[in-house]
Amino acid sequence: MAKVHIIMGSQSDWPTMQLATKPLDDLGVAYECSVVSAHRTPQRLVEFAENAETNGVEVIIAGAGGAAHLPGMTAAMTWIPVVGVPVKSASLNGLDSLLSIVQMPKGVAVATQAIGTSGAFNAGLMAAQILAGSDKELRERIKTWRAKQTESVPTNVE
Ligand code: RP5
């Protein structure tokens with residue numbers, strides 16, 4: 001099974017969460033994606049979190065919007081690192097999602113990213129960086145990827 005699992009609260013989160021797959025594809029990191037809702041499918045969440053270690057998952061990316069309890073509840077049920085993505089919501093532009101995800105109580109950690117597509121992209125990058133701690137080849141690919149990004153930024157304003 002893939003070491004990275006991307007979960008999201010709804011199919012409607014996919015246009016945002018698919019950005020997380022971009023750096024993973026670029027860096028050759030395998031992943032799986034599922035809809036798991038803390039509110040609408042709570043039992044699916046329990047099963048996912050309880051079986052994640054057995055299934056070989058090493059990093060979980062969890063995105064949700066509004067009352068975004070998915071990342072925190074997942075983190076509550078597993079020691080596996082959870083990277084949280086606040087999905088932009090219709091009513092409050094994702095500020096509700098951000099605060100729901102970032103304000104974790106001491107003792108249960110979620111690595112919260114920025115609201116929306118930047119956060120989703122960086123969640124993929126963060127997952128790769130976590131895995132790179134024990135994967136030298138991936139580490140080198142990340143260094144190359146970062147160097148290319150740096151080179152792509154022009155000095156001159158056109
Ligand atoms: C959350 O509610 C989901 O993560 C999504 O961002 C939001 C709205 O879901 P839908 O009503 O579009 O399914 O649980």
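Any read-out appearing in this document is the output of simple, stated calculations on the displayed coordinates, not a laboratory observation. All values derive from a computational prediction rather than experimental measurement. Cβ: placed from backbone, ideal geometry, glycine included. Neighbour counts: every protein chain shown.
Residues in segment 23-37 that are free of Cβ contacts under 8 Å to residues at least 40 places away in the same chain and either polar (S, T, N, Q) or crowded, with 21+ Cβ neighbours inside 10 Å (or both): 3 in all.
If the condition is being farther than 18 Å from GLY72 by Cβ, of a type in the set (S, T, N, Q) and within 16 Å of the ligand (Cβ to nearest atom), then segment 17-51 contributes only GLN18. Working only within segment 80-102, note down all residues that are more than 12 Å from the ligand (Cβ to nearest atom) and closer than 15 Å to ASN122 by Cα. Listed by number, the residues that qualify are PRO81, VAL82, VAL83, LEU98. The set of residues in segment 39-70 being within 24 Å of LEU98 (Cβ to Cβ) and of a type in the set (Val, Ile, Thr) consists of THR41, VAL59, ILE60, ILE61. For segment 105-138, filtering for residues that are more than 14 Å from LYS3 (Cβ to Cβ) and surrounded by fewer than 18 Cβ atoms within 10 Å (Cβ to Cβ) leaves 8.
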